[in-house]
1. Could you please find all residues in the range 255-271 being buried (at least 17 other Cβ atoms within 10 Å of the Cβ) and either of a type outside the set (A, V, I, L, M) or closer than 15 Å to R324 by Cα (or both)?
2. Tally the residues that are farther than 24 Å from A418 by Cβ and either outside any strand (DSSP E or B) or among the β-branched types (V, I, T) (or both), restricting the search to the range 53-102.
3. Please find, within the range 39-52, the residue that is nearest to S81 (Cα to Cα) out of those that are in a strand (DSSP E or B) and open to solvent by 20 Å² or more (accessible area, probe 1.4 Å).
4. Could you say whether any residue in the range 34-43 is polar (S, T, N, Q), within 30 Å of L241 (Cα to Cα), in contact with a Gly (Cβ under 7 Å, 6 or more places away or on another chain) and at pLDDT 85 or above?
5. Being touching an Asp or Glu at 6+ places or on another chain (Cβ under 9 Å) and not in a strand (DSSP E or B) is the filter here; which residues of the range 433-446 pass it?
6. Residue check: is A105 in contact with a Pro (Cβ under 6 Å, 6 or more places away or on another chain) and either part of a loop (DSSP other than H, G, I, E, B) or under 20 Å from L53 (Cβ atoms) (or both)?
7. For V425, only one of the following conditions fails: (1) within 19 Å of A43 (Cβ to Cβ); (2) not in a strand (DSSP E or B). What is its number?
8. Hey, S274 hits all of (1) surrounded by 15 or more Cβ atoms within 10 Å (Cβ to Cβ); (2) more than 20 Å from A414 (Cα to Cα) but one; which does it fall short on?
Amino acid sequence: MIRAWPRSRRTAFGSLIACAATLALIVGVASAAKHAKPGSLDASFGRGGIATLGAGTRLFGIAVQSDGKVVAVGESGAGSSADLLVARFTASGGLDRSFGHGGLARGPRLAAGFDKSSVGRAVAIEPDGKLAVVGSATDRSGTYTDGLLIERYNSNGSLDGSFASHGVANVLTGTLFGAGDAVAIQRDGKIVAAGSATAAGSGGNTPRVAVVRLKPNGSLDSSFRGKGLDVIDLGAFSNALAVALQRNGTIVIAGSQAPKLQVTNALIARLTPSGALAGSYAHQYARHGAFSSFDGLAVQGNGTIVAAGPATHGNTGADTIVARFSPSGHQAGVTYTPSATNFTESSSSAVPGASAVAIATGGEVFATGEIANSVDVKLAIWAITPGGRLDAGFGSHGVALLRLSAGENSEGAAIAVAPGGKLVVAGDENSPAKALYKGLVASYNG
């Protein structure tokens, strides 16, 4: 089974008038920042709130350092010659020249045998500033996956030679067609990666959820079920698309399953710290449709689980779903908000809706993804109050859309809350007419 899936500066001796003018300017800027409308683009970041990369790039994962620098991962050479890409931006949205080569680092070419290239799907920042990146080994086009990939980078963008094999761990290769989509770091420094593979005991060769745990040095953790690598049978065509940790060490995964092929259900499961299955829940959230998935996942400090994703609505519509679960995995509520009209699902298209979710310190939930109307697709952020309603004070009635020039679409793939409460989103802008992608990071007032 192969899986197919983008000033100047004044001196201290200026006149009293100049000083007064400068003070007024500072106060004015601070006041403007303080009163910026939630859901509006952050004008202090990039160009008008947006920073973009070159043509042929896509970004799928994001994390924010404690100093406000933004790390995003994805691919370079989208659609033709894929290479795992790590980009680091300053807090003001410029590429961080102290990282990699001009702010960019590319994953190494993998061993021959499958004409292997790679794509990054998720990133986590370790306490010492190192970066754990999870993704997939692919063919040169970045289309077919054959290996769940974990790479670790030093804070300067170089591969960490003390980790695994020269900075790279590639598991579930060969006939297993492994793929990595999510990563989390335990308190003890162990790395948990999740995705899918095609081996599951009596389950046959259809994809099943895969979970891998590595020691800090990159070796498989033998204390974890499957000696560090487990493929779990949670139904045919099941995938883990997100992973998060509860304070007690419980591992929470979210994704989808399609046991009847034509119907895809949203999936959530919990694993004990040793990897044993502690419970799972699959449900069809689609309203008058046959597809739903949890693509994003976050855990609050009290252990409450929040999952988000897309769901079809009739033949031509779709919703973003945000569901809340108790720490033990029992559903506590779900919010629906429209994400598409006049949309027809096809084998080459994703259902519009949420791709990722983050939780602010006050309990506000933010999901990102896209809203579609026929061929018009826009990156979206939905703000959900702790009570489960759209926050009318955010964006336009709870939704912020990224509007680009005519003929340009945008997609949101990952979201994080930055220091100070601003929101950063990774994704891409694309031109359907030119089949061209450009990775982007957008910053919003939260």
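The values are calculated or read from the model by the stated rules, or taken from the named source; none is laboratory data. Not measured: the values here are computed from a predicted model. Note that we place each Cβ from the backbone using ideal geometry, even for glycine, and neighbour counts take in every protein chain shown. Only protein heavy atoms, including side chains, enter the accessible area calculation; ligands, DNA and RNA are left aside. Shrake-Rupley method; radii C 1.70, N 1.55, O 1.52, S 1.80 Å.
1. First pass over the range 255-271, keeping only residues buried (at least 17 other Cβ atoms within 10 Å of the Cβ): 255-258, 264-271.
The answer is G255, S256, Q257, T264, N265, A266, L267, I268, A269, R270.
2. 7
3. Among residues in the range 39-52 that are in a strand (DSSP E or B) and open to solvent by 20 Å² or more (accessible area, probe 1.4 Å), the one nearest to S81 (Cα to Cα) is T52.
4. If we filter the range 34-43 for residues that are polar (S, T, N, Q), which is where we start, we get 40.
Those left that are additionally within 30 Å of L241 (Cα to Cα): 40.
Next cut, in contact with a Gly (Cβ under 7 Å, 6 or more places away or on another chain) only: none.
No, the range 34-43 has no match at all.
5. N445, G446
6. Numbers: in contact with a Pro (Cβ under 6 Å, 6 or more places away or on another chain): no; either part of a loop (DSSP other than H, G, I, E, B) or under 20 Å from L53 (Cβ atoms) (or both): yes.
Here the answer is no, as A105 does not meet what is asked.
7. For V425, the failing item is (2).
8. Of the numbered conditions (1) surrounded by 15 or more Cβ atoms within 10 Å (Cβ to Cβ); (2) more than 20 Å from A414 (Cα to Cα), the odd one out for S274 is (1).
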